[in-house]
2 protein chains.
Amino acid sequence: MKLKDIGEFGFIDRIEPLCKVHSANIVRGIGDDCAVISVSPELNLLITTDLLVERVHFLLDWQGPDTLGAKALAVNLSDIAACGGTPKEAFVSIAVPDHLEINWLENFYKGMADLADKFKVSILGGDTTRSLTDLVINVAVTGLSRSGETLLRRSAQPRDVIAVTGSLGDSAAGLELLRNSLEVPETVATPLIKAHLSPSPHLLQGQMLAKSGACNAAIDISDGLSSDLNHICKQSGLGATIFEEKLPISKALRQLARRLSVDPIDWIINGGEDYVLLAAIKPDKYEELAQKALIEGYQLTEIGRFESTVGINLVRVSGEILPVMPSGWDHFRRKATSETI
Amino acid sequence: MKLKDIGEFGFIDRIEPLCKVHSANIVRGIGDDCAVISVSPELNLLITTDLLVERVHFLLDWQGPDTLGAKALAVNLSDIAACGGTPKEAFVSIAVPDHLEINWLENFYKGMADLADKFKVSILGGDTTRSLTDLVINVAVTGLSRSGETLLRRSAQPRDVIAVTGSLGDSAAGLELLRNSLEVPETVATPLIKAHLSPSPHLLQGQMLAKSGACNAAIDISDGLSSDLNHICKQSGLGATIFEEKLPISKALRQLARRLSVDPIDWIINGGEDYVLLAAIKPDKYEELAQKALIEGYQLTEIGRFESTVGINLVRVSGEILPVMPSGWDHFRRKATSETI
């Protein structure tokens with residue numbers, strides 16, 4: 001049996017029992033956006049790590065070293081954002097194929113350091129080694145959050161509002177544009193491709209949610225809405241209903257879908273790499289929080305409700321109700337980047 | 001210009017200025033065995049990470065998944081040991097080629113979890129993704145150490161005793177045996193190959209050094225004695241003299257050298273992957289500490305002295321004095337594993 005037969009999450013379920021927890025300070029281990037460790041009565045340490053592999057997650061032809069460096073950090077910062085934390089330190093491991101120039105690597109670090117500076121993250125080390133084939137990048141990031149304000153996946157409640165902090169599907173559409181040469185005006189293509197190559201971690205949004213006292217649970221949408229909503233549902237023992245008409249879609253994505261005569265719903269539901277936050281908000285606090293977000297310049301959009309009955313349903317604009325399967329991104333079950341272009 | 005032209009350490013020197021430190025709590029960033037972050041007046045958080053790449057660091061033909069899993073963790077625990085710390089949590093990122101069986105992966109995690117349990121380390125997560133070619137493993141480990149007892153590289157003093165916590169060169173000789181089919185009795189080959197495939201992190205030795213108050217600086221010998229002693233010398237602004245006759249050599253290595261009629265000095269000085277600790281011990285405290293180590297069942301061997309004059313010299317048994325260049329392991333300057341077998 002291979003990984004493709006059970007997928008990443010099936011595999012995690014199998015190895016989790018092997019990994020014993022040896023300390024009472026561990027609030028959350030495997031299975032959330034970050035590991036959460038109590039370091040004082042007031043503070044939790046957050047730790048997350050993400051591995052990016054050439055030809056699986058990215059192609060060097062698609063982007064310069066600066067945006068790749070920034071993205072390798074951003075995807076980790078997004079995990080800290082999902083816990084409502086403040087990122088602190090980053091550790092960069094990189095396996096470098098012989099053909100890469102020092103100049104390329106310096107620009108990779110410059111791109112990462114610029115994003116790190118923006119959020120006052122210190123890059124403190126890592127490991128540099130050789131690769132005989134693909135470039136491989138692992139970034140680990142630490143963060144801090146207040147004990148009472150750390151957002152987890154497992155604590156959503158029935159009737160909580162499901163809200164997202166940005167539009168969905170842009171990154172998946174951008175990936176499609178990178179893979180296929182489609183005749184699309186620059187005003188449509190540029191923001192979608194940018195959404196894929198240069199995601200912005202929603203750290204300030206995560207901190208606002210954490211401080212509000214109105215948010216019961218959160219996750220970042222990295223694998224896709226269907227998969228990530230399923231993570232929260234599974235861990236909270238809930239189901240959910242989402243409404244197509246409420247899903248926030250960017251102007252560029254709407255234009256692309258119209259131009260190609262395709263339904264953008266698959267990008268929106270299963271696309272992945274959106275790096276917006278999905279939050280479970282107490283229903284009686286939602287309106288006030290959404291107003292506050294608006295004033296502070298953040299987007300917060302209600303897309304549905306958590307339910308006590310297991311299963312996720314999508315109510316389409318037509319009124320049709322479709323069950324949603326967690327079929328977002330899983331590298332073992334989808335073709336890798338280089339095989340599909 | 002490529003990485004092979006400047007090596008890993010030349011590259012680190014170039015990117016270090018790009019990486020700004022944004023917090024006053026950071027005791028040590030890039031350039032030590034661990035990053036050291038003050039989390040309270042009494043405690044430092046230690047963080048280290050190591051990347052292992054198939055065909056560069058290991059071949060799957062050489063060892064089972066259990067010892068590979070254990071080694072991927074052990075090399076990080078050795079960094080925590082070098083700072084005198086207690087390891088706490090581990091995070092495992094793995095890029096898996098399609099041909100690997102789930103069974104293999106489970107045994108990989110079992111091997112790692114067994115070593116983790118031995119030192120009460122909790123494996124708390126990481127990232128599992130796909131690789132189109134080589135297996136890639138990144139492990140990040142956190143640890144704790146008391147603020148006054150954290151061992152760094154930069155604080156060795158002139159006349160400090162240079163001591164090591166185990167024998168040198170076994171791992172390099174074991175690698176040689178794995179690469180070449182040499183006719184060697186099992187009693188000679190087995191311990192050397194084991195030293196390479198299953199290193200034991202010297203955590204208890206590191207903690208003893210840290211608590212003794214006698215140790216000014218420490219490092220783990222991962223790149224090789226010449227390189228790692230050079231790191232301490234460079235960061236402490238010192239030189240060193242080491243004595244061939246004092247270098248601890250195992251019986252198996254001595255027998256192998258005799259059998260092959262080779263001088264083992266290159267394995268000892270430049271071999272790498274010994275994962276013993278090298279420490280700078282206050283001269284007036286050394287004897288007492290060595291006695292204490294003996295009683296507690298640890299090896300501590302004086303191999304030379306730090307000097308105020310820059311440069312490392314080796315006094316050979318013949319009396320000849322040779323300058324030692326830092327020519328230990330550097331993946332960018334040596335051939336990779338798969339190219340040399």
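Observations, loosely collected:
- Take the Kirkwood radius over Cα pairs of segment A:166-251, plug it into Stokes-Einstein at 25 °C and 0.890 mPa s, and you get 164 µm²/s for translational diffusion.
- With a 10 Å cut-off around each Cβ of B:79-91, the average count of Cβ atoms from other chains is 2.
- With label points set 7 Å from Cα along Cα→Cβ, the inter-copy distances at A:P97 are 1.5 nm, sorted shortest first.
- DSSP-defined antiparallel bridges as percent of all bridges, the protein assembly as shown, nearest 5: 75
- Using C-alpha pairs below 8 Å separated by at least 6 residues, the relative contact order for chain B is 23 percent.
- The DSSP beta bridges internal to chain B are antiparallel in roughly 75% of cases.
- Translational D in µm²/s for segment B:161-340 (Stokes-Einstein at 37 °C, 0.692 mPa s, Kirkwood Rh from C-alpha pairs): 196
- Take A:V310, move 7 Å from Cα toward the beta carbon, and the resulting point lies 6.8 nm from the same point in each other copy, nearest first.
- Our analysis of chain B gives Rg over Rh at 0.95, with the two radii drawn from alpha carbon positions and Rh computed by the Kirkwood formula.
- For A:R130, the residues 5 or more places off, or on other chains, whose built amide H falls under 5 Å of its own are A:V96.
- Placing a label point 7 Å from the Cα of A:S308 along the Cα-to-Cβ direction, the residues of segment A:135-172 with a backbone N closer than 16 Å are A:156-161.
- With 5 Å bins from 0: P(r) over segment A:1-82, alpha-carbon pairs, percent: 3, 11, 16, 17, 17, 15, 11, 6, 2, 0
- Cross-link pairs B:K71/B:K251; A:K4/A:K234; B:K88/B:K285 - those with Cα-Cα distance over 27 Å: B:K88/B:K285
- Working value for the protein assembly as shown: equivalent-ellipsoid semi-axes of 48, 26, 22 Å, each the square root of 5 times a Cα gyration tensor eigenvalue, largest first.
- Antiparallel DSSP beta bridges within segment A:186-341, as percent of all bridges there, nearest 5: 70
- With the convex hull drawn over the C-alpha atoms of segment B:3-149, the volume per residue is 133 Å³.
- Euclidean distance of C-alpha centroids, segment A:10-65 and segment B:241-319, integer Å: 39
- If R0 is taken as 22 Å, the Cβ-Cβ distance between A:R159 and A:S261 corresponds to a FRET efficiency of 0.05.
- Using a 7 Å projection from Cα along Cα-to-Cβ, the label point at A:D114 is separated from the same position in the remaining copies by 4.9 nm, smallest value first.
- Likely footprinting exposure, A:R130, A:R154, B:R28, fewest C-beta neighbours within 10 Å first: A:R154, B:R28, A:R130
- Pairwise label distance in nanometres, A:V21 with A:Q299, each label 7 Å out on the Cα-Cβ vector: 3.6
- Segment B:L59-B:D98, length gained on full extension (0.36 nm per residue, minus Cα span): 12.4 nm
- For B:K292, the lysines whose Cα falls under 20 Å of its own Cα, not counting residues fewer than eight places away in the same chain, are B:K211, B:K246, B:K282.
- Length-normalised contact order for segment A:3-149 - Cα pairs under 8 Å, 6+ apart - percent: 32
- Rounded to the nearest 20 debye, the dipole size of segment B:161-340 about its Cα centre is 80 debye, using +1 on the Cβ of Lys and Arg and -1 on the Cβ of Asp and Glu.
- Coupling constants for segment A:31-38 follow from the phi torsions by the Karplus curve (6.51 cos²θ - 1.76 cosθ + 1.60, θ = phi - 60°), and in residue order they are x, 10, 5, 10, 6, 10, 10, 6 Hz; glycine and proline get x.
- Average beta carbon contacts from partner chains per residue of A:92-105, 10 Å cutoff: 5
- Long-range amide H partners of B:A217 with built H, under 5 Å: B:A280
- Selection of GluC sites (Glu not before Pro), segment A:139-198, meeting DSSP coil and at most 10 other Cβ within 10 Å: A:E183
- Whichever aspartates and glutamates have a C-alpha closer than 13 Å to that of A:K2, once near sequence neighbours (fewer than 8 apart) are set aside: B:D98, B:E101, B:E106
- In plain terms, the chain from A:L182 to A:K292 could stretch by 35.6 nm, reckoned as 0.36 nm per residue minus the Cα-Cα distance.
- Overall form of segment B:96-215 per C-alpha gyration tensor (a/c, 1.5; a/b vs b/c): oblate
- This model, with +1 at the C-beta of Lys and Arg and -1 at the C-beta of Asp and Glu, gives chain B a dipole about its Cα centre of some 540 debye.
Since every read-out is calculated from the coordinates, none of them should be taken as a lab result. For clarity, every value in this text was computed on a predicted model and none was experimentally measured. Cβ coordinates were reconstructed from backbone atoms using ideal geometry, including for glycine residues, and neighbour counts include every protein chain displayed.
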